[in-house]
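**Q** Sharing a structure below in structure tokens format, with a few things to ask.
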Amino acid sequence: MKTCLECGDKVVGREDKKFCHDGCRACYNNKLNKDSTNFMRNINNKLRRNYRILSELNTKGKSKTTRTKLLTKGFDFEFFTNLLETKRGSTYYFVYDQGYLFIDPDSFILLKKDC
């Protein structure tokens, strides 16, 4: 007789069945993927926060802001989704469709990319 990989109860049904019910299967897989899921969740939360901050400061599609404003709101410059390098050599950092360009150490241009 086979036993459930999660709780150890008897498994009834198909020959290749590993769990006694869906709850045990879900619990087992959640435990198995916990570390990678938490890692991804934390990164996605940082990206969402950065996106929210850029969207709040850039309501017209293009604007300027300061490093101080971004940092005060909790912006994390290490988390962005993609880069866009222009022919002039400028690098725009994007969080999905909201981007920023360093003008000088304390000034930024914010822009929203048309999708």
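The values are calculated or read from the model by the stated rules, or taken from the named source; none is laboratory data. Here the structure is a predicted model, which means the values were calculated and not measured. Neighbour counts run over all protein chains shown; Cβ positions are idealised from the backbone, glycine included. Calculation scope for accessible area: heavy atoms of the full protein, side chains included, ligands and nucleic acids excluded. Shrake-Rupley method; radii C 1.70, N 1.55, O 1.52, S 1.80 Å.
**Q** Helix 22-32 versus the longest principal axis of the chain: what is the Cα-based angle in degrees, 0 to 90, to the nearest 10?
**A** 50 degrees
**Q** Further question on the same structure: K2's amide H: which non-local residues (gap 5+, or another chain) put their own amide H closer than 5 Å, with H modeled 1.01 Å from N in plane and none for Pro or chain starts?
**A** Those lying under 5 Å, H to H, from K2 are V11.
**Q** Take Y92, Y51, Y100 and sort them by solvent-accessible surface of the protein heavy atoms, 1.4 Å probe, largest at the top.
**A** Values: Y92 45, Y51 70, Y100 0 Å².
In descending accessible area the options line up as Y51, Y92, Y100.
**Q** Which value in deg cm²/dmol, rounded to the nearest 500, describes the helix-derived mean residue ellipticity at 222 nm for the chain, given -39,500 (n - 2.57) per DSSP H run of n ≥ 4 and division by the residue count?
**A** Estimated from H runs of four or more residues: -11500 deg cm²/dmol.
**Q** Tell me the GluC sites (Glu not before Pro) within region 35-92 that lie in a loop according to DSSP and have at most 13 other beta-carbon atoms within 10 Å.
**A** Of the GluC sites (Glu not before Pro), the ones in loops of region 35-92 whose Cβ has at most 13 other Cβ atoms within 10 Å are E78.
**Q** Whenever you get a sec, line up I109, I53 from highest to lowest accessible area (probe 1.4 Å, protein heavy atoms).
**A** Values: I109 35, I53 10 Å².
Putting I109, I53 in descending order of accessible area: I109, I53.
**Q** For the chain, set up a Gaussian network in which alpha carbons nearer than 10 Å are linked by springs, and say which option among L84, L70, L101 fluctuates the most.
**A** Most flexible of the set in this elastic network: L84.
**Q** Next question. With respect to the cross-link table entries K10/K34; K10/K31; K46/K87; K46/K73, which display a Cα-Cα separation exceeding 19 Å? Present the calculation step by step, with values, prior to reporting the outcome.
**A** Details: K10/K34 26 Å; K10/K31 21 Å; K46/K87 30 Å; K46/K73 12 Å.
Violating the 19 Å limit, Cα to Cα: K10/K34; K10/K31; K46/K87.
**Q** What do you get for the angle between helix 34-57 and the principal long axis of the chain? Use alpha-carbon atoms, 0 to 90 degrees, nearest ten.
**A** Result, in degrees: 30.
**Q** A further question follows. I need to check one value: relative contact order of the chain, counting alpha carbon pairs closer than 8 Å and at least 6 residues apart, in percent.
**A** 19 percent
**Q** Would you kindly derive the ³J(HN,Hα) couplings of region 81-95 from the backbone phi angles with the Karplus curve 6.51 cos²θ - 1.76 cosθ + 1.60 (θ = phi - 60°), listing them in order in whole Hz, with x for Gly and Pro?
**A** Once θ is set to phi - 60°, the couplings for region 81-95 become 9, 7, 10, 10, 9, 8, 5, 7, x, 7, 10, 9, 9, 10, 10 Hz.
**Q** In the chain, once you exclude exposed trypsin sites (Lys or Arg not before Pro) (DSSP loop, at most 11 other Cβ within 10 angstrom), what's the longest stretch remaining?
**A** For trypsin sites (Lys or Arg not before Pro) (loop position, at most 11 other Cβ atoms within 10 Å), the longest site-free span of the chain is 15-59.
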